[in-house]
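First up is the structure itself, then whatever we jot down about it.
What follows is calculated from the coordinates using simple rules that are stated; it is not laboratory data. Not measured: the values here are computed from a predicted model.
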Amino acid sequence: MLPDGIEGASGSGRVVFPIRNLFYVVRDLVQDHTSRPLKHSWFQQVVNEYEAEHGEIHLMYRDPRGYLVEPHTGREVPLGTRAVDAYDFPLHLYDKILYCEKKGSHPLFQAYHLAEKYDMAIVCVEGYATRAAKALLSAGSRSRGLSRFSRRSPRKWDCPPRAAKGDRSMFSACASISDKASSGRKMDQSPVNGYVRR
């Protein structure tokens, strides 16, 4: 049914289409054979498995489910497959990417100017990593040698084992700010040693 759905959603291979449109076409085909409703989350897993076996579905794209924010410019890049494919990593603007699964954390990082202080882009997504976010992080590591750090929850931070000493201090500052903010404690910025707890 998936090949028939792809044919329908793409207008016989003539137009680009979002994964949601493919879902609607396939849902109509599936409903002819069952009374159980087709769930979008399950359908996305089926599409991922299909693409793992057959390659990416031609002309299909995924809508943005997050964004990358460049330091110093504030430019936001939506994390959809089309925007990520078109993104060129700027030279000399940043050398690290902080990946965060909680979009609500970005205002906190903004308030303390962490991106600018550490020349670090910040990627914020909704929930688990999307294909576009994974492609962006992989391309950044491969083409520019960018270090990757991640925050998966207020208490789960990942730092590369071979991170430079300066990167480790950046990582500690991010973790400290996030942990204190999630616990409701106030924080001050200190001109001497970065960020201190109050």
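Taken over the alpha carbons of the range 71-150 as equal point scatterers, the Debye sum produces base-10 log I(q)/I(0) values at 0.19, 0.22, 0.25, 0.26 Å⁻¹ of -0.80, -1.10, -1.44, -1.54. Taking only the C-alpha atoms of the range 2-61, the Rg (one decimal) and the largest Cα-Cα distance, Dmax (whole number), read 11.1, 32 Å.
Cα centroids of the range 4-24 and the range 117-147: 28 Å apart. Extents of the range 53-96, largest first, come to 39, 18, 15 Å (Cα atoms, principal axes, whole angstrom).
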